Structure formats: structure tokens, C-alpha cells
2 protein chains.
Amino acid sequence: MKKAENFGEWYNEIVELANLTDKRYSVKGMNVWTPYGWKIMLLIDGYIRKYFDETGHGEVCFPLLIPETEFSKEKEHIKGFDEEVFWVTHAGLNPLDVRLLLRPTSETAMYSLFSIWIRSHADLPLKVYQLVNVFRYETKQTRAFIRVREIHFFESHTCHATAEDAEAQIREDLEILERFAKHLCLPYRLLKRTEWDKFPGADYTIGIDIMLPSGRSLQIGSIHQYLENFSRPYNIKYEDEKGDHKYVHQTTFGMSERLVGAVVAVHGDDKGIFVPPDIAPFQAVIVPIPAKGLVGSVNEESSKLSKELLNAGIRVHLDLRDLRPGNKFYDWELKGVPLRLELGPRDIEKKVVTAARRDDGKKVQLSRDCIAEEVMNLLDTISNNLLARAEAELKNNIIDATSLEDLPDKMIRVGWCGSEECGREIEVSTGRSILGTPIDKEADTATKCVVCGKETDSIVYISRQL
Amino acid sequence: MKKAENFGEWYNEIVELANLTDKRYSVKGMNVWTPYGWKIMLLIDGYIRKYFDETGHGEVCFPLLIPETEFSKEKEHIKGFDEEVFWVTHAGLNPLDVRLLLRPTSETAMYSLFSIWIRSHADLPLKVYQLVNVFRYETKQTRAFIRVREIHFFESHTCHATAEDAEAQIREDLEILERFAKHLCLPYRLLKRTEWDKFPGADYTIGIDIMLPSGRSLQIGSIHQYLENFSRPYNIKYEDEKGDHKYVHQTTFGMSERLVGAVVAVHGDDKGIFVPPDIAPFQAVIVPIPAKGLVGSVNEESSKLSKELLNAGIRVHLDLRDLRPGNKFYDWELKGVPLRLELGPRDIEKKVVTAARRDDGKKVQLSRDCIAEEVMNLLDTISNNLLARAEAELKNNIIDATSLEDLPDKMIRVGWCGSEECGREIEVSTGRSILGTPIDKEADTATKCVVCGKETDSIVYISRQL
């Protein structure tokens, strides 16, 4: 099972071998979150909560079911979704008067309430988020975490008095994202989607893209500027200081369980997955190395070590299974535990703990006396190394091109004049998608449109998308 | 708005005034969790996670949608639910080959997977739980948290080698419940339901019942012994030490957002709701008491106080709104914050903080120097007082009767011979339900059946149920 040889097969196999998910549920594209995978997701959710709470967002939970009548108020939005929603048509033994759909996203569930909640400028900004599951009837081939039909995700929704306030919110979202992504050691690019690829109903969409080892890009989330596109049909108005009634300006930000897929894809290797320390269910695992006649005392010392680390707030697991150490090593490497702590009679005698890093395989001896501190430092080192490695790999996967021929499977930057005609030509002739324009101007971009040759300082990223 | 005069109206009003929920969503019985209410629910969920994790349960998340073919394998179960499930019949623009239902509970989603997961006795016990929303098409009048159509709940599911192990699991569940309910300051009774009132598919059901001020009882959860009733149709077998293949024995335990309703109903009063300290989004609120020319310094001292308490792990909120203190007092009493901390120039001068308790309205002065410790002690005192008060009230609402005439609106204990005939007669002639037999023998129960007069040492609780 080689990641470099066949990424797709490696991925499909590794998520099950590491026991992150079970794909044998009887509905296609709806998988079971097993305890190990779900714990990773919950730790990710914990950081979402932390950063949204810190920035004054309230956590809410809106109903799953949306009446068809509410859903169809924003015309672009329903056009974007009507082929991929699940419909509830009956309750008990009777048909429903109005069909209900399972939320594919919650704009149309929330915005009627927002129009009641918001009365005056004093009610703004309104900032809420929720962590829920959404449903999309994917017709493409499904893939665990990356393309599923029941999707665990978060969505934040905000309302503002002015377009400037809404723009400031998007800057706040980008700061949240930057802090958040560090915990996953995931580098990404922020690319403003084309007009024909933006979210249904959005004024503009920023895609959050990463690169997969297969040479395809993966969107792991998006941020949308709606302006008044939803507040008009849903009638969300406020009274300003002068007594005038105005429509609010809205934004949203969302990311999904694809984050778990991204972590697997970016950090995993031929030995298994690799879970970054901040989101690892077990940051370290203790494997006692028994010696004849000393099994009891080694286990006892291991148990003491475990308690000490747990008390220091480190998520540690003591593996006392009746297996050879080598089998345990193999198992925890497969599951991507960042640090393995070995404790044998010689370690105990020398007052050390032998630590094996999952990232580079190196072994170091840590002082037993200040073990908690040393473990924490080593976990930090591993996080930093993981992020640096992923950043180098991403940079390596971005190249510039001045023609559309013989493009490698990477993210490719080309000049684009901005016309839809040239844009469509780029996509059709390369079989790739325009991901969009970097939202921060990247250096030295004075160039020519790769299709029409017109001078432009606008470049776009193109790639095959998963 | 008097709780004692019209409990139903008081309840419906108070949950919205305290801003726990918004009932104006466009689907009946599906309400919006607002940030304050949802935070209470999340804190409750936190204790569920704590106790289940501590007892070796793994948290999972199974798909929402269950194929009709899977659902109908256990005949009693589908009979119990077929009038109250929501059906998904279409995806996108097309009808589905097999209809899918929204889980009303997850036995039929989980058990096919359990039959794959479990191979040998070494895989047992299997103990999992999940915190999800379930869906039931209630036809009775809906009521926030208490009778809704989208229900936030937890469900634990366990598989065991023997019936004895399954019984031991139920004892563990009861211990979890006992520890858990203390955080909500909720006393309850454990009553084994009658044969005709048990969960569809269960061997027996223990109902967890509380009393409402209206004189009706409310089931806040239940624990079920399934024995082999599900493992046979779902073919969940294990190989024992001798190589024989046997069916597992199963149990479940579940409670829902009714817990929030119960907290409102039991602890609330005419001033508002009362949230027990352990599940309070704000355990204390700081209200600065301004004095002319000293507003700045009072706010500054309040801010210091707030930081100190937050650092000590106390959930405190500093209320700096431009309102009179009296208005703030009113607001936080309505929202049920256990402790109000007032800080004015005289408090600052005397190095004290004035604390007003929400439970008895008494004011005490706390030392500013050890404020965190004093606040924590006072919160404990409040919790204990709240629980003692609720326990006294529950006892007060349980009476013994030897005839079925002129029964008051309470929980009533009567002798019952155990025959279905007499049981049905009790229910029909009183218009009440038999809640069941206390699972721990209550003292001095040698008595006679209230219907046939036969000697029996079995008593049952009866009441009107909400």
C-alpha cells in the first residue's frame, strides 16, 4: 500500500485500517464515525468553538428540515441545489402538505428567523454559527470524509449594517482560519472563485484550497460575501440611526469533515495516517517493554507515568494489551499517534523514557523527572515540523506557466485577462478548473493572459479538482 | 405569570422570555436553539460525555437515514414507530428505490454494523454512545424541549456475552445517572414499566420519572434490557471460549433535551428560570453599581474581578450594558443566573463583593481577596440547596393510597397484584398511567391489590403523564 503509487487506493484503505470510519453502512455515501475518527472530529470542532466564541459568535442549532416554500425564496440558491437535496414527503402514514428537505446548508432555515431577530442597528452585527450535519445527494463517486452524502460541518452566518462591516467580517474569518489551520498543520491557498463557480446566491466566494498528493486540489472550505442577495428575498432589515429601514449585509463561512480527509491525505505515509498533536485522540502512547520477571514493576511504572502525563493535560494512552511491543508499535503508527513512549527496565534504571517520533522515526531519551514538560515540547516540535513539511510540499506543487500545453498535475499559475471567454477556454482546453485569483496579491504578477495575450496583472490558479 | 396558577402557560412563556428557544420556525414542533439554551444543552452533553467516557463507552456517530428494509427487521420495534417516522422518498429529482426514514432512535441503524464488528468474546462488551438529533412525528400538542419533533438526545448501546453482564451494565447506567443528575439538581424515581408500556422490542424498560408542578409526571429518560430481542433478527453473534456461537445480550440508555425542560419546570419560579450552577452558561454575573464620577473606576475594578474569576474557571459574565442596575438584575433573574455579584464604590473601598443568590434572594458580602474560592463555595451551597429543595418537593408529591377514588394530582403509590386485568382497571378507572414498580424495593410495601384485594408486596406508582 504505497501512497505515492496510487493515492486513491491508499486513501480508501488507510481510513479503514486506521479505524477512522466504517464504510459498510447500508446507505451509499453515509458512513459510520467510529470512536477514533469521531474523536478527531470533535477535537477539530473544539477549536472551531474556541475561535468563534472568542470573536463573539453565538452557537445555535437550527432545525434540520426546511419547507420547500422557504427554500425556494432565493432563486439562484435553489437552482444550485435542487438536484442534490433529499426530500421528506411523508410523516407517519400520511403525505405532508408541504414537502420538507434535509438542509444542504442553512441559509434558508435561518434567514426567516433573522428577519424577526433583527429590528434595529443595535441588533447588529448578528454573528452565529452551528456545528451540524448536512445532506447532499452526491452523484459522483463517494469517498470517506471527502465526498459523502451526510456531511459533518460548521457554518457561521453574520449580518451587518454596511458592506464595509461585512468585508471586515471576512477579514476576521480569515484570521480565524489562519489560527485554526495551524492546529491541523495544514497550509492552504485562498482563491477567489470565478463568477461561474461561486456559491449559489453569493456576490463572491473565497475557496480554501489544499493540494493532494495525487496532484489534484481539494476545497476544504469557503467564505462567502452575500451583500444583500439573501436579505432582500428574506426581508432582513434594520432601522438605522436616522430611522431609515435598510437591508443587512451578510456573510458565511463553512468547513466540513473534509478537514479530516485533508489531514489524512497530507500527513499520512505508507505506515499509516498521522494525526497532528493538537487534534490527536492520543498524543502519546505508552508501550511498556517487559523483561522476564519484571513485567509487574514495568507495568506499574508505566501506569505512574501515564497518570502523571494525564494530570498534566496530555492525552496519553497506556497500552497494556497482551501483544508483543513490535505489534503495538505497528498499530499506533498506523493510527498516527505522534509520539510513542517506551518504558523498559533500563529506562527505569536510568530515569529516562525513550520517545519515538512518528514524523521522522527518531528516538530520543527524555528525562523522567521533567517528563510532562519534555513531552509537551516534543509535541510542539512535531507540530512545527509537520507544518513546515506540508508547507514545503505545497510550494513545490505550485508552478507558473505561460502556455496551456503539457501541464503537470500541480496547481498552476497563469495570467488571465478576466474575461469569461478566455476563462472558459482555459478550463476546456486543459480539462482543469480555474480555482481563482489569490486574494492577497502574489509578488511579480505582471503578465499576459495565457489565452488572448492581453497584458494583465491578474493571475489565477488552475488545477484538476478532486 | 404565576407558575403555581397555570404551569403550562408559565412554562411556554418563560422558555421564550429567558431566550432558551425560538418557537417561530416554520415547521411545527421544530424549534431553534438560541445560544443561551444551546449552551445549557452543551454543558449537559459535556457531563454525558464525561461519565460515558469514564466507564469505557466509545462515542460514535451513525448516519441519520435508515433504509426501510433495515428498520423493519424487528417486528415489535417497527410497530411501535411506524406512525411517527418521517420518510425520505426522493433524492434530487428522482424517487428512491428504497425509502429512508429519519432515525427515531438508532437500534436499526447500528445493529447491522454490530453484527460485523463483533466476532468473538474478546470483542465484548461493546459499549458505544452517541449525541445526535432524532425525529418523531408527534401528533400530540408540542411543547418546547418536552414534546418536539426534532429531539436532541443521547443513546448508549451495549452488547454483552451473558444476561448477567447485561444486567451489570444496567447497574452501571444507574450509577452514571445518579452522578449525572446531581449536576442538574434533579431528583427522580426509577420505575419498571408495565409489559404494555415498555419500549418496542425491549424485555423490560426502566422509566426515569420526575414530577412537574402541574401534578403530572414527566419521563426524562429510560433504560432498556433487550436480552436477545434485537441480536436475533440482526444476527449479532459471538464465538465463546469453547467455539460455540451465541447471540449477544443488549441494553440501551437514553435521555433527551427533556432534561432542559425538566430543569426549567422544577427549578423555575415567578421571576424566571433557574439554571443549576454546573450547567449554567453564566454561573455568576457581575453588575457594576456606578456612582457619579466613578463609573470608569468601578468598571475597571469589575473588569479585574471578571478576569480573576474567569481564570479560576468560573463562567462569569460582566454586564457593561448601558442600563440601570435594576434592569440588569431583572434580566439575569429571568435567565436564572445562580449568583449576581455587585460591585460599587463602597464594596471596592471595603474590599468586598456583594453577592445576591438567585435561590433565596439573600445578599452576602464576600471577601475580595479570596473571591474565587468564596464564589465557588457559594455556588456549591446553591447547588445543594437546589437539590434539597427539589427532593423535598418530590417527596411531598408522592402519597400512598388504598383506594382509587378522589386521588389528588400527585404520584400515587398503590398495591397491585401484577395482573394485566387489574393494571388496566387501575389505568381506566383513574384516567392515569401506571408508571411502574420501583426498581429498589421501597420500605413497608406489604399491602393489597387496590383492585382485586389480593395480598401483594408489589406497589406501583401511578400518575397523569405529560
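Data for the structure
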| item | result |
| --- | --- |
| In segment A:307-327, the residues that are within 19 Å of A:Leu366 (Cβ to Cβ) and assigned to a helix (DSSP H, G or I) | A:Lys307, A:Glu308, A:Leu309, A:Leu310, A:Asn311, A:Pro325 |
| Strands (runs of 3 or more DSSP E) within segment A:225-294 that include 2 or more residues without any contact (Cβ under 8 Å) to a residue 40 or more places away in the chain and touching an Asp or Glu at 6+ places or on another chain (Cβ under 8 Å) | A:245-247 |
| The lone exception for A:Lys28 - which of (1) surrounded by fewer than 16 Cβ atoms within 10 Å (Cβ to Cβ); (2) more than 9 Å from every other protein chain (Cβ to nearest Cβ); (3) assigned to a helix (DSSP H, G or I); (4) not aliphatic (A, V, I, L, M) it fails | (3) |
| Any pair with Cβ under 6 angstrom, 6 or more apart, that starts in segment A:326-337 at a residue that is under 19 Å from A:Glu13 (Cα atoms) and ends at one that is in a loop (DSSP other than H, G, I, E, B) | A:Glu333/A:Lys271; A:Leu334/A:Ala18; A:Lys335/A:Ala18; A:Gly336/A:Ile273; A:Gly336/A:Phe274; A:Gly336/A:Val275; A:Val337/A:Phe282 |
| Filter result (over 16 Å from A:Leu124 (Cβ atoms) and of a type in the set (Gly, Ala, Ser)) within segment A:233-266 | A:Gly254, A:Ser256, A:Gly261, A:Ala262, A:Ala265 |
| Flag for B:Phe199 being in the same structural domain as B:Glu84 (by TED's automatic domain parsing) and either part of a strand (DSSP E or B) or under 13 Å from the mean Cα position of the chain (by Cα) (or both) | no |
| Segment A:225-274, residues that are in contact with a Cys (Cβ under 7 Å, 6 or more places away or on another chain) and hydrophobic (A, V, I, L, M, F, W, C) | A:Ile236, A:Val248 |
| The one condition in (1) surrounded by 20 or more Cβ atoms within 10 Å (Cβ to Cβ); (2) in a strand (DSSP E or B); (3) of a type outside the set (D, E, K, R) that B:Val134 fails to fulfil | (1) |
| Residue under evaluation A:Ala181, criteria (1) free of Cβ contacts under 8 Å to residues at least 24 places away in the same chain; (2) surrounded by fewer than 21 Cβ atoms within 10 Å (Cβ to Cβ); (3) assigned to a helix (DSSP H, G or I), criterion not met | (2) |
| Tally, over segment A:188-204, of residues that are closer than 23 Å to A:Phe71 by Cβ and surrounded by fewer than 21 Cβ atoms within 10 Å (Cβ to Cβ) | 5 |
| Output for segment B:31-45, where each listed residue is surrounded by 19 or more Cβ atoms within 10 Å (Cβ to Cβ), aliphatic (A, V, I, L, M) and either touching a His at 6+ places or on another chain (Cβ under 9 Å) or more than 9 Å from every other protein chain (Cβ to nearest Cβ) (or both) | B:Ile40, B:Met41, B:Ile44 |
| Conditions (1) modelled with pLDDT of 95 or more; (2) over 30 Å from B:Ile314 (Cβ atoms); (3) surrounded by fewer than 22 Cβ atoms within 10 Å (Cβ to Cβ): number failed by B:Pro63 | (3) |
| Per-region count, segment A:150-178, residues buried (at least 22 other Cβ atoms within 10 Å of the Cβ) and basic (Lys, Arg) | 0 |
| Given (1) within 11 Å of another protein chain (Cβ to nearest Cβ); (2) basic (Lys, Arg); (3) not in a helix (DSSP H, G or I), index of the condition A:Lys3 fails | (1) |
| Subset of segment B:24-60 [within 18 Å of the chain's Cα centre (by Cα), of a type in the set (Gly, Ala, Ser) and over 25 Å from B:Thr139 (Cα atoms)] | B:Gly46 |
| Among (1) surrounded by fewer than 18 Cβ atoms within 10 Å (Cβ to Cβ); (2) on the phi < 0 side of the Ramachandran plot - the single one A:Leu366 does not satisfy | (1) |
| Single condition B:Tyr247 does not satisfy, out of (1) in the same structural domain as B:Ile236 (by TED's automatic domain parsing); (2) buried (at least 20 other Cβ atoms within 10 Å of the Cβ) | (2) |
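Results for (1) part of a loop (DSSP other than H, G, I, E, B); (2) away from chain B (no Cβ under 11 Å); (3) surrounded by fewer than 19 Cβ atoms within 10 Å (Cβ to Cβ), shown as yes or no for each residue.
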| position | (1), (2), (3) |
| --- | --- |
| A:His77 | no, yes, no |
| A:Gly80 | no, yes, yes |
| A:Glu84 | yes, no, yes |
| A:Val88 | no, no, no |
| A:Leu113 | no, no, no |
| A:Ile116 | no, no, yes |
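The values are calculated or read from the model by the stated rules, or taken from the named source; none is laboratory data. Just so it is clear, the model here is predicted, and its values are computed rather than measured. Please note: Cβ atoms are built from the backbone with ideal geometry, for glycine as well, and neighbour counts cover all protein chains shown.
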